[in-house]
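Contents: one structure, followed by commentary.
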Amino acid sequence: MSEDKKEKAVKPKKVADAMAASICPATQEMIKRAQDLDIETVFDRAVTMKPCNIGMQGTCCKMCAMGPCRLPMPKAGIEGEDTRKGLCGATANTIAARNFARMVAAGVAAHSDHGRAVAEVFLSVARKETDDYTIKSPERLIQIAPHFGVDVTVEKDGEEVDRDFDEIALEVAEKALAEWGKPEGELAYLKRAPAPLYERWKKLGELPRNIDREIVEIMHRTTMGVDQDYKNIVKQCTRAALADGWGGAMIATDLQDVMFGAPSPLQSEANMGIMKEDHVNIIIHGHEPVLSEMIVAAAQSAEMLDYAKKKGANGIQLGGICCTGNEMLQRHGVPPAGTFLQQELAIVTGACDAMVVDVQCVFQNLANVAKCFHTKLITTHPIAKMEQDNVIHIEFDEHHALEDAKRIVTMAIDNFENRKAEVMIPKHKSVQIAGFGVESIEYHLGGTFRGSYYTLNDNIINGRIRGVAGVVGCNNARTKHNDAHITIIKELIKNDVLVLTTGCSAIACGTHGLLTPETAQVYCGPGLAEVCETVGIPPVLHLGSCVDNSRILMAATEVIKAGGLGNDICEAPLAGSAPEWMSEKAIAIGQYFVASGVYTVFGYHMPLDGAPEFRDYLYKELETIYGGMWDCEPDPVKHAQKMIAHIDKKRKELGIDKARERVLMDMADRQALEA
Ligand code: XCC
């Protein structure tokens, strides 16, 4: 071997700098631990693998086998006519728009297929084919039935009386499930939107017909040689995205509330420190509460607790990752162990006796990490398996769900004694209040006396609350874990913007202590602090999982209904943000927020720069169509300030702009706040 080659052979592996990778101390500790044990995680891969430059620009076309055709922007930019084209002649605009549309389709498919699974379980409940699931919130069922055109009363002897409850449940279940494939008409929930918004979609010809059809149509229109007008492609993006936000995802939220109970605020904790050394630790990761509800029930049963004690454990500790974490949190107070980027690290603690996954946001590398410990990695969904042979598949079926869940919990308990001396659970965790819903915001800010969003609107009009922001979405290993979420949210609440949060952003907020009423005194501007202190709510409200972004749409609708802030969502001082997005689902969510009239800023790079004309269409022109538009701003402070500027613009248009000066925070100000 030459000297040169010898040198190469001993070159140390390039790994992530833990401090630069995350602002969360528990995460930093576990990244270092993984590196000490020579276990590779997503953080390390993010430093060794660069993203593809042309894909980043959105201009790689692999729609047919004449390609992939690659249309990067020339270094010097384009002067004059843009002559770049693929073999078929597709322009950069067409290619970027088709790629964007396929992300929307995939995102809508994921949320909506989740919704379909929930609707199918609900149909089994309504048909009384399962004892494991029941109806925990009859009120929610009665509330949503009319939106599906289902009567809740009947006439008997000239008198209006309550209709048989079982009949209502069955009809709602059938109508809900039909939303995925009904042959004609439009989605039932669209009319829940403010009337001018519904009319706008109608006029534009963008009312979704059924959920599956809009996804299929995107796939058709973006296949080789079909839709080659980027504006026309975006129209279909809207139609499909609305079928998510005001369709599949909203139905998922509602039927989950019906079966598992509508959330109301409760106290819990967040971060990996929730795991317990002397307990059987079961981490549930994924999205569908159909699975996690049963695991919670099994883990809390006397039978399983006794069995755990018999096996030498002091109890069973459940923890969630990703949106399953939010689902179990908002209904049962089960603490989330982490966000998307912490999934491998929960195993690196050495204390995870079983990680149970269903669908979405699950790293295949979990199998490789689990191999280094005693952890059983269990897949449960027929559409989501892993090729590695240490992965166990236990298929979950709603007809014997509790039995399946007990089998899984038993496996975790049996595995407790196989732990090695390698347990190292980070101490860090924070207290949080989570599980707000549309009704609890109404209750806390309106009171049972008013029973509306009147008080919230009143405080927005008088300027105590400057506006409302939805901050949602993922982590992305290309950015510092949780940094953008937390910086943006602190900047917003400092400027009196009330924040509604879901998804991994909500878990990040819990982890970093922003979900407590006490946060108000530390981080909020004086107006928002006053309101939060008076009614005892945190300035950042946890509204659930990503399908629960539908709760943000409904909260925005309630704001409009309560009056005084315009007639349409686009007129109110609202803004949206996904600081660290990575999933195609985030693009679907962004598109339905934009099409519902919300100015929506993404923090991580959008794959649009190779097609500036198409990018400008999304970032500028859409506002003239929907009143909402896309934007992208990686700098978190500027990102928040852009949202605040938009909120201020809306306040001015409404004539309620007399209120306050904007506070521009520099680093010293923020450090003073931290202290
Ligand atoms: Fe996945 Fe829903 Fe994103 Fe988190 S926020 S990384 S999509 S879990 Ni939904």
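The values are calculated or read from the model by the stated rules, or taken from the named source; none is laboratory data. Bear in mind that the values here come from a model prediction, so they are computed numbers and not experimental data. Here Cβ is always computed from backbone atoms with ideal geometry, including for glycine, and neighbour counts include all displayed protein chains. All accessible areas refer to the heavy atoms of the entire protein, side chains included, with ligands and DNA or RNA removed. Shrake-Rupley method; radii C 1.70, N 1.55, O 1.52, S 1.80 Å.
Miscellaneous remarks
- Pairs with C-alpha atoms separated by more than 23 Å, drawn from the list Lys427/Lys494; Lys310/Lys376; Lys406/Lys585; Lys427/Lys638, are Lys427/Lys494; Lys406/Lys585; Lys427/Lys638.
- The chain: mean projected area of Cα convex hull, nm²: 34.1
- Here each label is just a point 7 Å from Cα along the line to Cβ, and for Thr83 and Ala178 those points are 5.7 nm apart.
- Based on C-alpha pairs under 8 angstrom that are at least 6 apart in sequence, the stretch 277-422 has a relative contact order of 29 percent.
- Counting only DSSP beta bridges whose two residues both lie in the chain, roughly 25 percent are antiparallel.
- Gyration tensor (Cα) of the stretch 368-474, equivalent ellipsoid semi-axes in angstrom: 45, 20, 15
- Of the residues Val150, Val104, Met19, the one whose Cα sits farthest towards the positive end of the charge dipole of the chain is Met19 (charges of +1 on Lys and Arg Cβ, -1 on Asp and Glu Cβ, taken about the Cα centre).
- Here the accessible area of the chain is 51 percent carbon and sulfur, with a 1.4 angstrom probe and all protein chains present.
- D by Stokes-Einstein for the stretch 41-172, Kirkwood Rh over Cα pairs, 25 °C, 0.890 mPa s: 121 µm²/s.
- Debye, to nearest 20: dipole size of the stretch 164-247, +1 on Lys, Arg Cβ, -1 on Asp, Glu Cβ: 620
- A quarter of the convex hull surface defined by the alpha-carbon atoms of the stretch 487-638 gives 9.1 nm² as the mean projection.
- Helix-only arithmetic for the chain: the sum of -39500 (n - 2.57) across DSSP H runs with n ≥ 4, divided by the residue total, places the mean residue ellipticity at 222 nm at -14000 deg cm²/dmol.
- Plainly put, the stretch 385-447 has a radius of gyration that is 1.19 times its Kirkwood radius, both from alpha-carbon atoms, as the Rg/Rh ratio.
- Total formal charge among the other residues, if their Cβ is under 12 angstrom from that of Ala298, Lys/Arg +1 and Asp/Glu -1: -3
- In the stretch 340-490, the DSSP beta bridges split such that about 10 percent are antiparallel, to the nearest 5.
- Each of Asp609 and Cys372 was given a label point 7 Å from its Cα along the Cα-to-Cβ line. The distance between the two points is 3.3 nm.
- Per-residue SASA remark: Leu204, around 50 Å² accessible (1.4 Å probe; ligands, DNA and RNA not included).
- Rounded accessible area of Arg551 (nearest 10 Å², 1.4 Å probe): 10
- Charge context of Asn459, other residues only, Cβ under 11 angstrom, K/R +1, D/E -1: -1
- Estimated inter-spin distance, Val423 and Arg45, nm [label 7 Å along Cα→Cβ]: 2.9
- Glu199-Asp162 FRET efficiency (beta carbon distance; Förster radius 41 Å; 0.05 resolution): 0.75
- Surface analysis of the chain yields an accessible area of 39 Å² per residue, using protein heavy atoms and a 1.4 Å probe.
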